[in-house]
1. Would you confirm whether or not the stretch B:26-33 contains a residue that is within 14 Å of DNA strand C (Cβ to nearest atom), modelled with pLDDT of 95 or more, closer than 30 Å to A:Phe35 by Cβ and of a type in the set (D, E, K, R)?
2. What about B:Arg71, is it more than 11 Å from chain A (Cβ to nearest Cβ), of a type outside the set (Asp, Glu) and touching a residue at least 40 places away in the same chain (Cβ under 8 Å)?
3. If you check B:Leu110 against the conditions, is it more than 8 Å from chain A (Cβ to nearest Cβ), over 15 Å from A:Ile15 (Cβ atoms) and at pLDDT below 95?
4. Among helices (runs of 4 or more DSSP H) lying entirely in the stretch A:1-47, which contain 2 or more residues that are within 10 Å of the chain's Cα centre (by Cα) and hydrophobic (A, V, I, L, M, F, W, C)?
5. Could you tell me whether any residue of the stretch A:51-74 is in a loop (DSSP other than H, G, I, E, B) and modelled with pLDDT under 90?
6. Which residue is surrounded by the fewest Cβ atoms within 10 Å (Cβ to Cβ), if the candidates are limited to the stretch B:50-73 and must be more than 10 Å from the chain's Cα centre (by Cα) and away from DNA strand C (no atom under 13 Å from the Cβ)?
Protein chains: 2
Amino acid sequence: MVIEEEKFRGKIQAIQDTMYVLGGKWKLPIILSIFGGNKRFNEISKSIPNITNRVLSKELKHLEENLLIKRTVIDDYPVRIEYTVTAYCFGIEKVVKQMESWGKKHREKLGLK
Amino acid sequence: MVIEEEKFRGKIQAIQDTMYVLGGKWKLPIILSIFGGNKRFNEISKSIPNITNRVLSKELKHLEENLLIKRTVIDDYPVRIEYTVTAYCFGIEKVVKQMESWGKKHREKLGLK
DNA sequence: GATACTTGTATCCTAAAGGATACTTATTCT
DNA sequence: AGAATAAGTATCCTTTAGGATACAAGTATC
């Protein structure tokens with residue numbers, strides 16, 4: 001029973017960790033946008049409906065701290081910034097796929113447009 | 001390009017829907033607890049570290065509204081309440097597995113205990 | 001010289017999530 | 001009678017998430 005308990009606590013922790021890193025309304029949409037080829041701040045901003053500059057800025061930092069994206073300063077005139085996904089980021093692919101797939105099914109289940 | 005755009009918006013929506021239903025710190029741990037055999041309010045409460053009654057109560061309602069769990073009144077003396085997962089709830093299995101698996105890897109990556 | 005664009009930051013605010021503690025109503029146990 | 005258990009609810013509070021709007025520093029364009 002103690003072993004079972006420990007396993008269960010481990011599961012809870014793993015899920016809460018994932019939620020901390022990828023949870024919320026914007027983190028995954030931002031990653032998808034960058035993954036889809038958007039590199040510049042304003043490109044990303046325009047590609048995601050209703051996101052504000054402030055939120056985008058904060059979330060980009062969070063994602064960089066968690067090693068999922070990389071911020072590169074291109075020292076051209078004018079200086080540009082490029083965001084790209086890291087190799088490590090590819091590890092979330094299955095999570096994202098499953099979430100996308102379940103979200104679609106759930107929307108149909110509820111009969112929303 | 002317009003088609004691509006629409007696909008992308010659809011992905012964002014699906015992920016945001018999933019986050020709405022399953023996101024946050026407690027919803028999945030609660031489902032796991034019930035799935036693991038805990039049926040009664042206090043059983044569930046004790047099985048999840050640090051959750052409060054108030055939060056558990058609110059989350060149970062949210063999960064019931066979203067068709068993932070069922071609340072049954074057992075009309076015995078004394079009246080008992082039993083929570084169980086629905087058949088529909090089994091559909092989230094893959095999402096949860098992936099989140100659990102990624103969370104474990106990420107914790108190792110960051111070198112936390 | 002005035003205006004616009006880029007990548008944000010600053011300020012202020014509202015809403016949602018989460019937490020601490022106490023209490024209730026009814027039964028059953030000692 | 002007094003204490004314990006069950007399944008929450010009530011109140012109040014703090015923290016985090018998210019949003020609106022304005023602005024800044026530098027270069028480029030008209």
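The values are calculated or read from the model by the stated rules, or taken from the named source; none is laboratory data. These figures come from a predicted structure and were not determined experimentally. Using ideal geometry, Cβ is built from the backbone for each residue, glycine included, and neighbour counts are taken over all protein chains shown.
1. yes
2. Numbers: more than 11 Å from chain A (Cβ to nearest Cβ): yes; of a type outside the set (Asp, Glu): yes; touching a residue at least 40 places away in the same chain (Cβ under 8 Å): no.
When the stated conditions are applied, B:Arg71 does not pass them.
3. Numbers: more than 8 Å from chain A (Cβ to nearest Cβ): yes; over 15 Å from A:Ile15 (Cβ atoms): yes; at pLDDT below 95: yes.
Answer is yes for this residue.
4. Details: elements: A:2-22, A:27-35, A:41-47.
Result: A:2-22, A:27-35.
5. Scanning the stretch A:51-74, I find no residue that is in a loop (DSSP other than H, G, I, E, B) and modelled with pLDDT under 90, so the answer is no.
6. Residue satisfying both the conditions and the ranking: B:Val73.
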